[in-house]
Amino acid sequence: MMFPTATSLSDALRVAMARHGREGRTALVGPSGSVSYAELAGRIDAYARVLAGLSLGEPVGILASRTPESVALFFGIMQAAGCPSFLEPGLGADAVRSRMAGIGMRRLVVEGKAETLAADLRTSETDVRRLSDLELTPTPSTGPGGTVPGLTTASPAMLLFTSGSTGPAQGVQLTHGNLLGHASGIIARTGLTPADRLLHVMPLHHTNGVNNQLIAPLIAGASVALVERFQADAIEHQIDEYRPTYMTGVPTMYSRILPHLHDRNARRSLRFLRCGSAPITVDLHRQIEEAFGVPLIVSYGLSEATCTSTMNPPDARRLGSVGTVLPGQEVQLFRPATLETVPTGEEGEVCISGHCVMGGWVEPNSARSIHDGWLRTGDLGRFDADGYLFITGRIKDLIIRGGENVSPQFIEDVVSRHPAVRSCCVVGEPHPDLGEVPVAFVVARDGETLRLADLLSFAAQRLPRISRPDIRLVADLPETSVGKIDRRAVRDTLLAG
């Protein structure tokens, strides 16, 4: 691990930020202005002092926009021994109450548009405060940093919720050790330095938005361009304005950005792009690299394993693969429902072990569980001879057609190669004779005319008989709050309709 003497993530952050502050480095830039490392460290210390009465691991929710103040609050709660959790912006009062009740959360800080919910959420048992009401006396931090009393690598550090795309959202608790181990692996694999700058366009309530896009760059001394929200038509201007060296997104984001790229010179600051959180087709991967002119580094991981477990090396990325295992983690492929490993090249369930596997579920009856130290992901994959992992599908998503397994992802990859297809999602439809048959819901690219007969012929020429889907053209596909296609909503809503 890169931080052998750190007793907690807060400890490592304080030491790193004090060093970067003494060097006069910038931590955050964006519409809210520029914030130095010394100023950000001072604000974090100030929030930690205001919240000094928190008990160890006490959950504190944050409903706020993406600003330097909400970032400082998040790390201040953590430094005060609490367990911060960014909640999804736009949640209604009932949904917020459900989240809070599910994990025993009694404290919530609201800001901006979310302040309208404060009165509805405040009860005799719930402490709901506006961010502007927290009385701070921030001072720039220029000291050496140091150990945060009472925290260890085993202490709870943050709470987040799974996306809920395959079921109800589950609360995941990560420890300081989880966050430290993850940051170490990310910094080593991507080679982050103070010369780097990230364009931050992912939601803060998503594990990627915090672990990959706040913790890792801030420890490394890089700067973060924190924009208010993702806007596909604004990305090129934001790259030109803030001069980032990299950005991270999900495939849907990049697909939407592509039509708005016009000036390669405006993007000359980039050295690579990152992509994760959802499968990406080889065809879209190539389009993104051709349009941006830099490598796209695809990775794989889960909230329950902190964030990222495998990543392509920036100088040796392999199309179609999610990369090799990050240092300090272990990934094995087991035959489903067993702990029997499969040979290289064969398909098995992806299972993860090591210092990044979550501290635990906050709620019982979780969808995924840990057996003998292995987190069973429910994802299917295979390793090649060089240790590169290829994700081939999900156990629960497999379509059983007449007793034969059909992979939705395989069909999606093929259909998405059609030049007029923007996105595709395949689900199983009940069939009285075969049990299930694949149905592909397809969205056309903007400005393209997609003919059903042509697409059916295209698929028939490239797919085996059992994998040839019924195809239905739709105007759009439902998405999760992170921008991933919501397969459950496709199955429940589009298929039913």
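The values are calculated or read from the model by the stated rules, or taken from the named source; none is laboratory data. Worth saying up front: this structure is predicted, and the values here are computed from it rather than measured. Counting neighbours? That spans all protein chains shown, and the Cβs are built from the backbone with ideal geometry, glycine included.
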Please list, ordered by residue number, the helices (runs of 4 or more DSSP H) wholly in region 1-109 having 1 or more residues that are more than 21 Å from the chain's Cα centre (by Cα) and basic (Lys, Arg). 9-22, 37-50, 93-103
With the structure loaded, tell me whether Ala291 is assigned to a helix (DSSP H, G or I), among the small types (Gly, Ala, Ser), closer than 25 Å to Ile239 by Cα and over 19 Å from the mean Cα position of the chain (by Cα) or whether it fails that test. yes
For region 274-285, which positions are over 24 Å from Val415 (Cβ atoms) and of a type in the set (A, V, I, L, M)? none
Quick count over region 378-406, residues being out of contact with any helix residue (DSSP H, G or I) (no Cβ under 8 Å at 6 or more places or on another chain) and part of a loop (DSSP other than H, G, I, E, B), is 8
So, of the residues in region 211-257 that are outside any helix (DSSP H, G or I) and aromatic (Phe, Trp, Tyr), which turns out to be nearest to the chain's Cα centre (by Cα)? Phe230
Restricting attention to region 193-203, does a residue exist that is modelled with pLDDT of 95 or more, part of a loop (DSSP other than H, G, I, E, B), more than 22 Å from Val109 (Cα to Cα) and touching an Asp or Glu at 6+ places or on another chain (Cβ under 9 Å)? yes
Being under 21 Å from Gln213 (Cβ atoms), hydrophobic (A, V, I, L, M, F, W, C), touching a Gly at 6+ places or on another chain (Cβ under 8 Å) and free of Cβ contacts under 8 Å to residues at least 60 places away in the same chain narrows it down to one residue among Val60, Val35; which is it? Val60
Scanning region 396-406 for residues that are in contact (Cβ under 8 Å) with a residue 12 or more places away in the chain and touching a Leu at 6+ places or on another chain (Cβ under 6 Å), the one surrounded by the most Cβ atoms within 10 Å (Cβ to Cβ) turns out to be Arg401
Within region 407-430, the residues that are free of Cβ contacts under 8 Å to residues at least 60 places away in the same chain and within 17 Å of Leu450 (Cβ to Cβ) are Ile411, Val414, Val415, His418, Pro419, Ala420, Val421, Cys424, Val426
Restricting attention to region 281-322, the residues that are modelled with pLDDT of 90 or more and in contact with a Pro (Cβ under 7 Å, 6 or more places away or on another chain) number exactly 5
Quick check, is Ser369 over 18 Å from the mean Cα position of the chain (by Cα), surrounded by fewer than 23 Cβ atoms within 10 Å (Cβ to Cβ) and hydroxyl-bearing (Ser, Thr, Tyr)? yes
If a residue has to be surrounded by fewer than 20 Cβ atoms within 10 Å (Cβ to Cβ) and modelled with pLDDT under 80 to count, how many in region 130-144 make the cut? 9
